[in-house]
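Down below is the structure, laid out as structure tokens.
A short reminder: the numbers here are calculations on the coordinates, not readings from a lab. Worth saying up front: this structure is predicted, and the values here are computed from it rather than measured. Ideal geometry is used to build each Cβ from the backbone, glycine not excepted, and the neighbour counts take in all protein chains shown.
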Ligand code: GLN
């Protein structure tokens, strides 16, 4: 399995490079810049500049949990100081720049964590050092999180801001475009942080604010064409989810029917989902799609299995087997056709958070692991990976999807796990249980949509608990199963909170499920805080 390293967006978009020293906030720097329509990428602080094939417009050194004076502290490639581009150091990044200018950092008497009021110091005469805080009020709220401090100003630096606890909360070099903050402009607790980052990227680095999905789509289509060539064929799995649909549509726009989408129906999708996805992808989006009906194969293998981890494994492995068989058949068919080249590429819907996860700095002694992917599991096919979304955050993928004409309800679809309904059925997965869980889920989602709540909720589903409860239906006592409803809100898909439906809504859903789904006599709402 090879991964490509062809020219990425840095070729066409002015790029601010963020070097990560391991702070939990580093990815937010990249996000904030992208929100300002400035393209930004994050790389580990160990990145050698000579190995980069592009030149950044500016470099930001992030925060990090280390102390610059410690023996094994990570240090930036000194070449950043010779590149001639503006530098911004944030927290550890500030201490790193100061350390480079004379080792004047030491442990403070106490840690400073939380809000602080920053006082901006401005020169009386015009000076580039004031550019970073231009247009801001004289007193601003900032967020601090540090234990070390500068003992004194490094040579040729001046103070541009201070707080009662941090006399050097903001400093800048008098003659070079080096700027440093002890606080974190990238977090929302620093309300004017985005303006500060905008001043750095746009005013100081002069980066063009042209990072939009309209621009990205045209460049990306040309890039895919150049990569795949005139005859190259690409295969990729689609699920009906937003990521794989956007990636597939992009491929369709770039290379037409030389992109082969495969939808594996594992028998565990939502009600009528396979039919709906097929309709949308082929009729609406014009994608060359093959549906493999493997429901019976999955359900046969799941017979008698109730352990959730075993279920996941069976489903994951079977998916790879089915996809691989299909890919091999398609490769054989393509090889026989005089007009088609071989299938050499595998499309993968990797997003930027996965890339961030693999490039973030994990500590001085750790080597950076490369991103693992499903492609590596396709044995003996030697496919090259194509990952057109690997530079994008989820909200950018949605914007791209809308740009490519993907229907809104698909662009905003809740995530649905690969193992599907099977992991929402506690206990054994039988065709009867699948039918019950699916029907209840369908009613729940239908009511959420009817109440206009779908976009407010990040993920919602019905789970089937194979516990029998007693109920009275009509004039009869019944002994049937329980449906547990779950709905959560989240902005980052890392932490979640259960959604506060009103009583009338829950009553309506519960009544419909009990009346319409055979085998269920009770419905409960689950206040768990996690996602699936
Ligand atoms: N370890 C450094 C300190 O405590 C930097 C902290 C940070 O970057 N948030 O000062």
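If the chain linking residue 382 and residue 276 were pulled fully straight, counting 0.36 nm for each residue of separation and taking away their Cα-Cα distance, it would gain 34.9 nm.
Assuming a ≥ b ≥ c are the square roots of the Cα gyration tensor eigenvalues, decide whether the range 116-190 counts as rounded (a/c under 1.5), prolate (otherwise, with a/b larger than b/c) or oblate. Since a/c reaches 1.5 but b/c is at least a/b, the shape of the range 116-190 is classed as oblate. From least to most packed, judged by other beta carbons within 10 angstrom and beginning with the fewest, 35, 253 follow the order 35, 253.
Mind ordering 106-114, 383-391, 398-406 by average Cβ neighbours within 10 Å, highest first? Don't jump to the answer; show the numbers that get you there.
Values: 106-114: 11.4, 383-391: 21.6, 398-406: 19.2.
Order by mean packing, descending: 383-391, 398-406, 106-114.
The angle between the Cα long axis of helix 431-450 and the longest principal axis of the Cα atoms of the chain comes to about 60 degrees, rounded to the nearest 10. For a label point 7 angstrom out from the Cα of residue 446 toward its Cβ, which stretches of the range 459-486 have the backbone nitrogen within less than 19 Å? So the set is 460-464, 483-486.
Can you tell me the relative contact order of the range 57-176? Whole percent, Cα pairs under 8 Å, sequence separation 6 or more. Could the numbers behind the result be given before it?
Details: 198 pairs, mean separation 28.8, N = 120.
The value is 24 percent.
Beta bridges assigned by DSSP with both partners in the chain are antiparallel in approximately 45 percent of cases. In whole angstrom, note down how far apart the Cα centers of the range 501-527 and the range 107-149 are. The distance from the Cα centre of the range 501-527 to that of the range 107-149 comes to 54 Å. Available extension along the chain between residue 408 and residue 312 is 31.5 nm, counting 0.36 nm per residue and deducting the alpha carbon span.
For the chain, what is the relative contact order in percent, using Cα pairs closer than 8 Å and at least 6 residues apart in sequence?
Values: 1020 pairs, mean separation 63.0, N = 532.
Relative contact order here is 12 percent.
Taking the DSSP bridge list for the range 425-527 and keeping only pairs wholly inside it, about 70 percent are antiparallel. Taking the average, over residues, of other Cβ atoms within 10 Å as the packing measure, peptides 348-358, 463-473, 224-234 rank 348-358, 224-234, 463-473 from highest down.
Distance between the 7 Å Cα→Cβ label points at residue 290 and residue 467: 4.6 nm.
Which whole-number percent is the relative contact order of the range 433-482 (Cα, under 8 Å, 6+ apart)? Provide the component values of the computation, followed by the final result.
Working: 42 pairs, mean separation 15.1, N = 50.
RCO, the range 433-482: 30 percent.
Considering only the Cα atoms of the range 413-532, their convex hull presents on average a projected area of 7.5 nm². Give the shape of the range 174-315 as rounded, prolate or oblate, defined through the alpha-carbon gyration tensor: a ≥ b ≥ c are the square roots of its eigenvalues, a/c under 1.5 means rounded, and otherwise the shape is prolate if a/b is larger than b/c and oblate if not. Since a/c reaches 1.5 but b/c is at least a/b, the shape of the range 174-315 is classed as oblate.
Once R0 is set to 41 Å, what does the formula 1/(1 + (r/R0)^6) return for the Cβ-Cβ distance between residue 209 and residue 115, expressed as a FRET efficiency to the nearest 0.05? So the FRET efficiency works out to roughly 0.90. To test your reading of the geometry: what angle, between 0 and 90 degrees and rounded to tens, separates the Cα axis of helix 394-403 from the longest principal axis of the chain? Rounded to the nearest ten degrees, it is 70. Helix 242-255 sits at what angle to the longest principal axis of the chain, using alpha carbons and giving 0 to 90 degrees rounded to 10? Relative to the chain, helix 242-255 is tipped by roughly 80 degrees.
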